[in-house]
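Where a number appears in this text, it was derived from the coordinates with a stated rule and is not lab data. All values derive from a computational prediction rather than experimental measurement. Glycine gets a Cβ as well: all are built from the backbone with ideal geometry, and neighbour counts include every protein chain shown.
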Amino acid sequence: MEQDIFHFSVKKRVVVKIGSSSLNYEETGSLNLTKLERLVRELCNLRNRGLDVCLVSSGAIAVGRRSLGLAERPGDISTKQACAAVGQARLMMVYQKLFAEYNQVAGQVLMTKNTMIDPVARGNAKNTFEELFRLGAIPIVNENDTVSTYEMQFGDNDTLSAIVASLVGADLLILLSDIDGLFTDDPHRNPNARLIEVVERMDSEIYHMAKSTTGSDVGTGGMATKLTAARIATLSGADMVIANGRDVSVLHHIFEDSFTGTVFRAEKNETFCLADFIRETIG
């Protein structure tokens, strides 16, 4: 995307979201440890550049599913929550080990919908994030799947990552997905589908391009959830990027303004209320 310079190098606070399908081997569902190590290295390097960095990581259910010997993604909520209870601990153990190798401290933050709609809980969460950033730590965020079904219903943490970006006042949200960005049609089915490099404004034409399908039995998020995330992020004043997480080195390419993906331009609306949006849109 060299023809349109975005100057992301001047950003100060970034939220990066990576989905289950980008973290796990498609054939086995097991963690891709090589990719995880590269992701952690990229995030630590962003910290070295002076940015506040927050990671929203899916994968707890997938990791727990493999640990418990389940061949397929469970369908019932109680089994999903059991998988999350096992998987969240294992996933964080891997993250902590990898971040420690780069002398970086990571902290876990588990959120529910009530965290955002309750003013006291929302304020406490914001204060926790701010203190983690002040101390130089990298928050690793996931939905608290053991007590909440929000992530299970609303798409592989796409929406959650935008909510976090809004809460912490991030100026950039990056969604690492299994697709290069927003296309005019489903590129898996239509070879003539064209990548949209820049979305200046979220309108009905953009929303109609969303597909609710996803190409993996590991992840749950489709393009519809990514456009919901874009709406939240841009109205909150953050640019948003959808890029392919197949190669996580795309992260430093984004900050060098040379990458393949879709950029959603920030269009901050001072009247936008995140808590009201959650109540009215997510339920």
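Centre-to-centre, using Cα atoms only, the range 241-282 and the range 74-114 are separated by 23 Å. Based on Cα contacts under 8 Å between residues 6+ apart, the chain shows a relative contact order of 24 percent.
Regarding the range 18-101, what's the average projected area of the Cα-atom convex hull, expressed in nm²? List each step's numbers first, then the result.
Details: hull surface 22.4 nm².
Seen from a random direction, the Cα hull of the range 18-101 projects 5.6 nm² on average.
Straight-line cross-link reach from K97 at under 12 Å between alpha-carbon atoms covers these aspartates and glutamates, not counting any fewer than eight positions away in the same chain: E37.
Just list whichever of K35/K80; K17/K80; K11/K226; K80/K268; K35/K268 have alpha carbons separated by over 31 Å in the model shown. Intermediate results must be reported in sequence, preceding the final value.
On the way: K35/K80 24 Å; K17/K80 21 Å; K11/K226 21 Å; K80/K268 36 Å; K35/K268 34 Å.
The pairs that break the limit, which is 31 Å between Cα atoms, are K80/K268; K35/K268.
Go through the range 82-87 residue by residue and turn each phi into a ³J(HN,Hα) via Karplus (6.51, -1.76, 1.60, θ = phi - 60°); whole Hz please, and just put x for glycine and proline. Rounded to whole hertz, the list is 5, 4, 5, 4, 6, x. Counted by neighbouring Cβ atoms within 10 Å, the residues F264, F277 run from fewest to most as F277, F264. For E143, the residues 5 or more places off, or on other chains, whose built amide H falls under 5 Å of its own are M111.
Tell me which label goes with the value of percent of Cα pairs over 34 Å apart computed from the coordinates here: [x] 12; [y] 21; [z] 59. The listed entry that was calculated here is [x]. For the range 50-150, the relative contact order comes to 36 percent (Cα pairs under 8 Å, sequence separation of at least 6). Note on the chain: GNM, Cα springs under 10 Å; of G59, G75, G245, the largest mean-square fluctuation is that of G75. Mind checking which of K226, K80, K97 has the largest fluctuation in a GNM of the chain, springs on alpha carbons under 10 Å? Largest GNM mean-square fluctuation: K97.
Residue by residue, the range 128-138 carries 3J(HN,Hα) couplings of 5, 4, 4, 5, 4, 4, 4, 7, x, 8, 10 Hz when phi is fed to the Karplus relation 6.51 cos²θ - 1.76 cosθ + 1.60 (θ = phi - 60°); x denotes Gly or Pro.
Taking every DSSP bridge with both residues inside the chain, close to 20 percent are antiparallel.
With the cut-off at 1.5 for a/c, could you classify the range 92-141 from its C-alpha gyration tensor as rounded, prolate or oblate?
Details: a/c = 5.76, a/b = 1.95, b/c = 2.95.
It is oblate, given that a/c is not under 1.5 and a/b is not larger than b/c.
Using a Gaussian network model of the chain in which every pair of alpha carbons under 10 angstrom is joined by a spring, one finds that among E205, E101, E130 the greatest mean-square fluctuation is at E205.
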